[in-house]
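Have a look at the structure below, then the notes.
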Amino acid sequence: MDLFDFADGREGYYGDYGGAFLPEILTTTIEELQACFRECKSDPAFWQEFVELMRSYSGRPTPVTYLENLSNKLGGARIYVKREDLGHTGSHKINNVMGQGLVCKRLGKKRVIAETGAGQHGFATATMAARFGFECKIYMGAVDVARQRPNVFWMENLGATVVAVEDGQRTLKDAINECLRDWVTNMADTHYVLGTACGPHPFPEMVSFFQAIIGREAREQIVAEAGRLPDRVFACVGGGSNAIGIFQGFMDDNVELVGVEAGGHGPGSGLHAARLAYDDASVGVAQGYKTYFLQNDDGNMLETHSIAAGLDYIGINPILVNLWQQERVRFEAATDDAVREALQLTMRTEGLIPALESTHAFAQAIVEAPKMSKDEVILINQSGRGDKDIFTVADAIDDRHWRQFIRDKAAEYGED
Ligand SMILES: *Cc1c(COP(=O)(O)O)cnc(C)c1O
């Protein structure tokens, strides 16, 4: 199954979704990017260069690990994990940014810009820019700058300029708008490094292309480790890049693919980011593409919520929407409470600290594994590591000693 053959002539469309809805002025730039990406994609030497870069710089291939303790405890399917947490900067985001760095070099551009919400994509982009010697500007909502200081600190120390966006609700979607404005002004020398498999064509395809490295490795590894293909693959879905990355490895196999969204406080709460698993989202065009958005009847975007900042997004990968409608990918949601419990269970039984985003995939697998037989195999994509979540997790489990530590630290700095 080729997700990108565009046989019906509508390049960049996945069923009815995707496309490139951009201001006229960006047409030349986006066409130049489409052409350059097409060239990279059809050049086997380009993929080899990418794989070699990821090997030497980011420690790929990341392993697949058998979770024997957790499997035994749940008493059902055997559970394996693909370890994207072990890549450089601690998540799968590095795959996409390093790939786009190579594209940027081919384009002959010297400057990169990016939007970021929680700061993980900004952090990865700043890392890539330092390595490639690009000038780098990161757009981030002012509210996010205030609540994600550790990532802002690292971006700035990696040499990037972080712009706190003061428009609108001062969060991710305002940062995206500001980033597009910069691109319009500076397109001659600037590449926009979009962080997930969303936005205008060719971004969904290009990001999927680089993230496919996860699935390509995982298919071979799970067969070697488990002696067979998995029955089900679980991945969390924010924008939908790590999910499409691992799913691509199993597209033509008899393997069930499960995307897990942020259930937040649950269905009907209005406090979640589940676009497909719950029924609050509807089809619209925004931020350069057509997909399901969490929006009201007037097309205004709703406030979203998740314990995992990286899943807290209004739109979703148009390729996944199409696969969902074809019933090739099943969608579920995990609530904040379920995620908190799944994280504690995974830490204690296996000594793994998945990112809160990735823990959504664990939470759903933990629900389903006991209902499966011991002969069956589950593969979970651990999209990132959880060290970054120490503030959120300590709050969520109400750790008294951590709170005292923060108080003491604040006192040490005094009033200045
Ligand atoms: C950003 C992020 C996500 C969500 O992004 P996708 O594009 O849906 O993969 C998931 N996990 C981690 C660790 C992240 O940093």
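The values are calculated or read from the model by the stated rules, or taken from the named source; none is laboratory data. This one's a predicted model, so the numbers in the text were calculated from it and none came from an experiment. Note that each Cβ is placed from the backbone with ideal geometry, even for glycine, and that neighbours are counted across all protein chains shown.
Matching residues to (1) more than 16 Å from the ligand (Cβ to nearest atom); (2) over 22 Å from the mean Cα position of the chain (by Cα); (3) acidic (Asp, Glu):
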| position | (1), (2), (3) |
| --- | --- |
| ASP16 | yes, yes, yes |
| GLY19 | yes, no, no |
| LEU26 | yes, yes, no |
| GLU31 | yes, yes, yes |
| CYS36 | yes, yes, no |
| GLN48 | yes, yes, no |
| PRO63 | yes, no, no |
| GLY76 | yes, yes, no |
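Going by the conditions given, is ILE397 free of Cβ contacts under 8 Å to residues at least 12 places away in the same chain and either within 18 Å of the chain's Cα centre (by Cα) or over 20 Å from VAL81 (Cβ atoms) (or both)? Here the answer is no, as ILE397 does not meet what is asked.
Only residues that are closer than 15 Å to VAL112 by Cβ and surrounded by 23 or more Cβ atoms within 10 Å (Cβ to Cβ) were counted in the range 138-161, giving 5. Considering (1) surrounded by 16 or more Cβ atoms within 10 Å (Cβ to Cβ); (2) not in a strand (DSSP E or B), the lone condition that ARG10 does not fulfil carries the number (1). The residue pairs whose first member lies in the range 361-378 and is buried (at least 24 other Cβ atoms within 10 Å of the Cβ), whose second member is among the polar types (S, T, N, Q) and in a loop (DSSP other than H, G, I, E, B), and whose beta carbons are closer than 9 Å, counting only pairs six or more residues apart or on different chains, are ALA361/SER383.
For GLY239, the criteria (1) away from the ligand (no atom under 11 Å from the Cβ); (2) assigned to a loop (DSSP other than H, G, I, E, B) hold in every case but one, which is (1).
Only residues that are within 16 Å of the ligand (Cβ to nearest atom) and outside any strand (DSSP E or B) were counted in the range 381-416, giving 9. Within the range 54-61, the presence of at least one residue that is assigned to a helix (DSSP H, G or I) and either in contact with a Phe, Trp or Tyr (Cβ under 8 Å, 6 or more places away or on another chain) or surrounded by 20 or more Cβ atoms within 10 Å (Cβ to Cβ) (or both) is confirmed. Taken over the range 331-374, the criterion of being touching a Lys or Arg at 6+ places or on another chain (Cβ under 8 Å), within 13 Å of the ligand (Cβ to nearest atom) and among the polar types (S, T, N, Q) is satisfied by no residue. If the condition is being farther than 12 Å from SER58 by Cα and assigned by TED's automatic domain parsing to the domain that holds VAL223, then the range 72-109 contributes ASN72, LYS73, LEU74, GLY75, GLY76, ALA77, ARG78, ILE79, TYR80, VAL81, LYS82, ARG83. Checked against the criterion of being surrounded by 18 or more Cβ atoms within 10 Å (Cβ to Cβ) and farther than 30 Å from ARG10 by Cα, the candidates VAL97, VAL81 yield just one match: VAL81. Exactly one residue among ALA124, ALA142, ALA146 is on the phi < 0 side of the Ramachandran plot, within 14 Å of the ligand (Cβ to nearest atom) and not assigned by TED's automatic domain parsing to the domain that holds GLY239, and that residue is ALA124. For the range 368-391, the criterion of a residue being under 22 Å from SER269 (Cβ atoms) and acidic (Asp, Glu) is satisfied by at least one position.
Pairing each residue of the range 328-342 that is within 11 Å of GLY263 (Cα to Cα) with any residue that is modelled with pLDDT under 95 and part of a helix (DSSP H, G or I), provided the two are 6+ apart or on different chains, yields C-beta distances under 8 Å for ASP336/ALA396. In the range 200-222, the count of residues that are more than 16 Å from the ligand (Cβ to nearest atom), crowded, with 18+ Cβ neighbours inside 10 Å, assigned by TED's automatic domain parsing to the domain that holds ALA333 and among the aliphatic types (A, V, I, L, M) is one or more.
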